[in-house]
Amino acid sequence: MPEVTIVPKTGDINKQFGVYSNVCCGYEIIIREGASFPNCPNHRKSETTWNFVETEKIQQVVIRKQSQSNPAA
Ligand SMILES: [Zn+2]
């Protein structure tokens, strides 16, 4: 399965919950699915582009959610 590279910019709707880092100054945000990408929090007048950042933190959150409906011993 080929990886789809999505490079969202300010105003785009997020399609994948996760951590994103902007190209403007590397500011990282966590943004949920369905939310729109903001301007850079440090440079509010500038539109910017957000790169998806894979983190272990996000994976842990997903695992916890899954274990709620299917508890492991
Ligand atoms: Zn910035």
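Throughout, read-outs are computed from the coordinates displayed, never taken from laboratory work. Note that the structure is a prediction, hence the values are computed from the model and not measured.
List every residue whose amide H lies under 5 Å from the amide H of GLY18, counting only residues 5 or more places away in sequence or on a different chain, with H placed 1.01 Å from N in the peptide plane.
ILE31
Pull up all non-local amide H partners of ASN51: gap of 5 or more, or a different chain, and H-to-H distance under 5 Å with H placed in the peptide plane.
It is SER21, ASN22, VAL23, by chain and number.
Could you give each residue of segment 16-30 its phi-based ³J(HN,Hα) in whole Hz, using Karplus coefficients 6.51, -1.76, 1.60 with θ = phi - 60°, and x for Gly or Pro?
Computed from phi, the couplings for segment 16-30 are 9, 4, x, 8, 10, 10, 8, 7, 5, 8, x, 4, 9, 10, 9 Hz.
For CYS40, list long-range residues whose amide hydrogen, built 1.01 Å from N in the peptide plane, is under 5 Å from its own amide hydrogen.
SER46, THR48
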